[in-house]
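The block underneath contains the structure these notes are about, expressed in structure tokens.
Every read-out reported here was derived from the displayed coordinates using simple, explicitly stated rules and does not represent laboratory data. Quick caveat, the model's predicted, so the values are computed rather than measured. Note that each Cβ is placed from the backbone with ideal geometry, even for glycine, and that neighbours are counted across all protein chains shown.
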Protein chains: 2
Amino acid sequence: MASTDKPDPEAATKSEVSPLPPPPPKRVDYFAIDVGLRVLLFAATLTALVVMSTAKQTELASVPGSPVRVPVKAKFNHSPAFIYFVAALSVACLYSIITTLASLGVIAKPTYATTFLLYYVFWDVLMLGIVAAATGAAGGVAYIGLRGNKHTGWVKVCPVYDKFCRHLGSSIPIALFASVLLVLLIMLSVFSLHSRIRE
Amino acid sequence: MASTDKPDPEAATKSEVSPLPPPPPKRVDYFAIDVGLRVLLFAATLTALVVMSTAKQTELASVPGSPVRVPVKAKFNHSPAFIYFVAALSVACLYSIITTLASLGVIAKPTYATTFLLYYVFWDVLMLGIVAAATGAAGGVAYIGLRGNKHTGWVKVCPVYDKFCRHLGSSIPIALFASVLLVLLIMLSVFSLHSRIRE
């Protein structure tokens, strides 16, 4: 804003005192960030997976037309949406392990770095689609459990299965975080590819 | 496989007869494919949006403890998942119009093509996340409507609201197709970026 085109005599004197060549352009090591994000993705998917798998609760429920109360169990595999959620997170967890190792391999031997970046984007995009859809499906079903739907007569189940719902309420936001991580990973890979064009 | 290093006398004669320079490497115009896919994305999101918005059905439902039957309406805005679905598709539809025009602009004046490719991937990835999550949420809720859930006591509604469910069953696969188109668009942009590195 306040720059002038006049040469600064002080700066000129300084450069004469220390005639160092300009430093080479600093190259950020994107693969180090990549590995960090992938380790974080592994942690997120594993946490969401464990929290969801351990969401089990047994409560006494009244049978209509009878005073007897029977124990009724709530488990994630009682809903197809939650089964898909667990399957998608398992795939993403396994994928994060494989790609972390691959990224470490690229750091050790960066010959095929550009090709790896291309493959990373292709697979990361597929993973993002799977994880985002699974998070949406689980979230949609969990919301019915929390609030019910008076139009269709679907009752809330969370007032009874409180512990089960707390597990869901922790697992789904973590899966959302994993989706955000995948978006960041794709952007990082594409930015790396883009920066290589200018080199 | 069976190539030899010896010069072929016939080929040498031919090249003397027609000493044409080798043709320049054929460059596929990726932006033309890009525009085509974006027009298809616009068509898919608009169709899914119209089919979902017009899903209205009124049926007579019996009131418990009374012989009177009252008309009960089914609309997409009776479920938060379907409201999110319509909102996400609206955003994707608007986005497809804007980016189609931008792609046509890049074809007319390809100065900033590389920068546009970078921005396209960033925004396409965000759109993919939104549309995939919306498709998952709507699909998860629609599946409960179709099959019910005996564990939670949620009843099927599709045997009564058959026309409404047919609309859902058309709209959700079209939205899934839109997600696949977004995946293809991202891959195309990244492939274009990658091909520019070798130039």
statement: region B:88-147 and region A:104-132 have their Cα centres apart by a whole-number Å value of 22 Å
query: Between B:Ile33 and the same site in the other copies, what are the distances in nm, shortest first, taking label points 7 Å from Cα along the C-beta direction?
result: 2.8
message: Give me the inter-chain shielding for A:152-162: mean count of other chain Cβ atoms within 10 Å, whole number please.
response: 4
task: Go through A:Lys163/B:Lys73; A:Lys156/B:Lys73; A:Lys163/B:Lys75; A:Lys56/B:Lys150 and tell me which ones have a Cα-Cα distance over 24 Å in this structure.
output: A:Lys163/B:Lys73; A:Lys163/B:Lys75
- request: Compute the label-point distances linking A:Val155 to its equivalents in the other copies; points lie 7 Å from Cα along Cα→Cβ; give nm, one decimal, shortest first.
  value: 1.3
- request: Could you rank the peptides A:150-156, A:131-137 by their average count of other C-beta atoms within 10 Å per residue, with the highest value first?
  value: A:131-137, A:150-156
message: If the only charges are +1 at each Lys and Arg Cβ and -1 at each Asp and Glu Cβ, what is the size of the charge dipole of region A:39-198 around the Cα centre, to the nearest 20 debye?
response: 240 debye
message: Given axes a ≥ b ≥ c from the Cα gyration tensor, I'd like to know whether region B:29-198 is rounded (a/c under 1.5), prolate (a/b larger than b/c) or oblate.
response: prolate
query: A:Lys56 label points, 7 Å along Cα→Cβ, one per copy: pairwise distances from this copy to the rest in nm, shortest first?
result: 4.9
statement: Inter-chain shielding metric for A:181-192, i.e. average beta-carbon neighbours from other chains within 10 angstrom, reads 3
task: Per residue of B:68-81, count partner chain C-beta atoms within 10 Å of its C-beta, then hand back the mean as an integer.
output: 2
- request: Provide the packing ranking of B:87-98, A:104-115, B:170-181, i.e. peptides ordered by the mean count of other C-beta atoms within 10 Å per residue, highest first.
  value: B:170-181, B:87-98, A:104-115
